[in-house]
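Working notes, beginning with the structure itself.
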Amino acid sequence: MNPTSLLTLLQLADSAIPIGAAAHSFGLETLASAGLLRAANLEDFLKAWLEEAGALEAIFLRRAYTNNARDLSDELSARKLAGESREASLKLGRRFAQLVNSIANTQIETELHYSIAFGCASAALGIDVDAAVLAYLQQSVAGLVSACQRLMPLGQVAAARVVWNLKPAIIQAAAAKEVSCFMPLPELASMRHPWLETRLFIS
């Protein structure tokens, strides 16, 4: 990868990119509130998340390089059963596409899921697809771990260790070929999120 592409990817995959990702937990807040997700089992949970949801996002990101993005987004919407998580993914995709269009003069469709918008942006900017998938999954995990730091006693070193230890799982998820995802617990948690007594996150 040439230096410009590398720097572009680093900026696009920064978990602090200003699209509002820090406001979403994708159901993790509900799981933490119920005591089902704790610092002690976070790494195992995220490994399972990568095997299922992470692999699904990786496949759709790859497909965005060569397929109709709107059709892909409609298919991914059908696979995201929880309304909160589905809307969060679309909202992040919209903001991401608008940001990239603004700063890079691209013309990415804005009504897309985040992973698909990321794939479209990466393709438009000449970023290697394998690198793009890895970077997207890495920042997704980092974002979820950051959310958990606000939900449970998880220090900076422990959080960094979780992300570090998940690198093999990220690589495996990035190489997924078959579209399949079965994660009822996070889906149900996302559906129940609006009824939490107190909430830090939108989703």
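Every number here is computed from the coordinates shown, using simple stated rules; none is lab data. Since the model is a prediction, treat every value here as computed from it, not as a measurement. Neighbour counts run over all protein chains shown; Cβ positions are idealised from the backbone, glycine included.
Taking all pairs of distinct Cα atoms, average 1/r, flip it, and tell me the Kirkwood hydrodynamic radius of the chain in Å to one decimal place. Kindly include the intermediate steps, with their values, before the conclusion.
On the way: mean 1/r = 0.0591 Å⁻¹.
16.9 Å is the Kirkwood radius here.
Report the charge-dipole magnitude of segment 1-112 in Debye, nearest 20, computed about the Cα centre from +1 at each Lys and Arg Cβ and -1 at each Asp and Glu Cβ.
Numbers: 11 positive and 14 negative charges, 32 e Å.
Rounded to the nearest 20 debye, it is 160 debye.
Pull out the extension gain between ILE202 and ARG150, defined as 0.36 nm times the separation in residues minus the alpha carbon to alpha carbon distance; nm, one decimal.
Numbers: separation 52, 0.36 × 52 = 18.72 nm, distance 1.36 nm.
Answer, rounded to one decimal: 17.4 nm.
Would you compute, from DSSP H runs of 4+ residues alone, the mean residue ellipticity of the chain at 222 nm, taking -39500 (n - 2.57) per run and dividing by the full residue count, rounded to the nearest 500?
Roughly -19000 deg cm²/dmol at 222 nm, from the helical runs in the chain.
For a quick check: sort HIS113, HIS193 by the number of other beta carbons within 10 angstrom, fewest at the front.
Taking fewest neighbouring Cβ atoms as first place, the list is HIS193, HIS113.
Set Lys and Arg Cβ to +1 and Asp and Glu Cβ to -1, take the dipole of the chain about its Cα centre, and tell me which of PRO18, LEU112, ALA55 lies farthest positive.
The residue sitting most towards the positive pole is PRO18.
If you average the sequence gap of Cα pairs under 8 Å that are 6 or more apart and divide by the length of segment 43-189, what percent do you get for the contact order?
Values: 174 pairs, mean separation 55.1, N = 147.
Normalised by residue count, the contact order of segment 43-189 is 37 percent.
Picking from PHE182, PHE96, PHE60, which is most flexible by a Gaussian network model of the chain using Cα springs under 10 Å?
Comparing PHE182, PHE96, PHE60 in the GNM, the peak value goes to PHE182.
Return the single residue from GLY35, GLY119, GLY93 with maximal mean-square fluctuation; model: Gaussian network over the chain, springs between Cα atoms under 10 Å.
Residue with maximal mean-square fluctuation among GLY35, GLY119, GLY93: GLY35.
For segment 43-189, build the charge dipole from Cβ charges (+1 Lys, Arg; -1 Asp, Glu) around the Cα centre, then report which of ALA97, VAL157, PRO186 sits farthest towards its positive end.
VAL157
For the pair LEU81/THR106, report the inter-label distance in nm, with labels modelled 7 Å from Cα in the Cβ direction.
For LEU81 paired with THR106, the spin-label model returns 3.2 nm.
What is the dipole size for segment 43-189, taken about its Cα centre, with +1 at each Lys and Arg Cβ and -1 at each Asp and Glu Cβ, in debye to the nearest 20? Don't skip to the answer; put the middle values down first.
Working: 14 positive and 16 negative charges, 64 e Å.
With Lys and Arg at +1 and Asp and Glu at -1, about 300 debye.
Count the lysine pairs in segment 43-189 whose Cα atoms sit under 23 Å apart, keeping only pairs 8 or more residues apart in sequence or on different chains. Each step should come with its number before you reach the end.
Numbers: LYS47/LYS80; LYS47/LYS167; LYS47/LYS177; LYS80/LYS91; LYS80/LYS177; LYS167/LYS177.
The result is 6.
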